[in-house]
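Engineer: I have a structure I would like to understand better, so I am pasting it below and will then ask my questions one at a time.
The values are calculated or read from the model by the stated rules, or taken from the named source; none is laboratory data. What you see is a predicted model, and the numbers here were worked out from it, not measured in a lab. Positions of Cβ are generated from backbone atoms using ideal geometry, with glycine treated the same way; all protein chains shown enter the neighbour counts.
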Ligand code: FES
């Protein structure tokens, strides 16, 4: 047997290069270290990363994959499956419009159309001035007071198009909603 044929590849774990800034990289690794021993740790880790960084950067995927011993494709698949996970940094304020049935029966369809037109963006987009990101949500537990929206951490009920504009205008003021 030749020396060449007796050589065997030694599997090594290579953590891929990432263009994450050092602070972001440290935040991702901290979340992974803290949560990876949970049963089914991927979703809690993705939530933790989004909480820490405001989104799940593409460059966080290889780090998370390496920490969990999963493929990048598996992580990427989960990030893209759940619309809740943002791939880009959100605006200063995030508005979620409820699209679930109870709200739809009392005007949420018209409210959604108004929100998109008024802000000039679609769901999963951010206004040009970086102030507002818009997203859908499926029930905020405020069904009796629909149509409902969530702006940052604040729940608003009975939101007419006019109230929507007023809420957004207030949020855009210096020191507005949060
Ligand atoms: S259906 Fe909109 S809050 Fe429940």
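Engineer: Against the condition farther than 30 Å from residue 37 by Cβ, surrounded by 14 or more Cβ atoms within 10 Å (Cβ to Cβ) and without any contact (Cβ under 8 Å) to a residue 24 or more places away in the chain, how does residue 156 come out, does it pass?
Structural biologist: Details: farther than 30 Å from residue 37 by Cβ: yes; surrounded by 14 or more Cβ atoms within 10 Å (Cβ to Cβ): yes; without any contact (Cβ under 8 Å) to a residue 24 or more places away in the chain: yes.
Criteria met by residue 156.
Engineer: Just give me the residues in the stretch 137-148 being closer than 17 Å to residue 123 by Cβ and either more than 9 Å from the ligand (Cβ to nearest atom) or in a loop (DSSP other than H, G, I, E, B) (or both), in sequence order.
Structural biologist: Within the stretch 137-148, the first condition is being closer than 17 Å to residue 123 by Cβ, and the residues that meet it are 137-140, 147-148.
138, 139, 140, 147, 148 - these are the residues of the stretch 137-148 that are closer than 17 Å to residue 123 by Cβ and either more than 9 Å from the ligand (Cβ to nearest atom) or in a loop (DSSP other than H, G, I, E, B) (or both).
Engineer: Could you tell me whether the stretch 119-135 includes any residue that is in a helix (DSSP H, G or I) and either more than 16 Å from the ligand (Cβ to nearest atom) or crowded, with 16+ Cβ neighbours inside 10 Å (or both)? Don't jump to the end; show me each part of the working.
Structural biologist: At the first step, the residues of the stretch 119-135 found to be in a helix (DSSP H, G or I) are 119.
The next check asks that each one be either more than 16 Å from the ligand (Cβ to nearest atom) or crowded, with 16+ Cβ neighbours inside 10 Å (or both); those that pass are 119.
Among the residues of the stretch 119-135, at least one is in a helix (DSSP H, G or I) and either more than 16 Å from the ligand (Cβ to nearest atom) or crowded, with 16+ Cβ neighbours inside 10 Å (or both), which makes the answer yes.
Engineer: Sticking with this one: Give the stretch 58-71 a look and list any residue that's without any contact (Cβ under 8 Å) to a residue 40 or more places away in the chain and assigned to a helix (DSSP H, G or I), or say none.
Structural biologist: Residues satisfying the conditions are 61, 64, 65, 67, 68.
Engineer: Another question, then. For the stretch 91-108, state whether one or more residues are closer than 13 Å to residue 159 by Cβ, assigned by TED's automatic domain parsing to the domain that holds residue 156 and away from the ligand (no atom under 16 Å from the Cβ).
Structural biologist: no
Engineer: Name the residues in the stretch 140-153 that are within 26 Å of residue 82 (Cβ to Cβ), modelled with pLDDT of 95 or more and surrounded by 12 or more Cβ atoms within 10 Å (Cβ to Cβ), would you? Write out each step before concluding.
Structural biologist: Restricting attention to the stretch 140-153, the residues satisfying the condition of being within 26 Å of residue 82 (Cβ to Cβ) are 140-143, 146-153.
Add one more test, that the residue is modelled with pLDDT of 95 or more, and what stays is 140-143, 146-151.
Scanning the stretch 140-153 gives 140, 142, 143, 146, 147, 148, 149, 150, 151.
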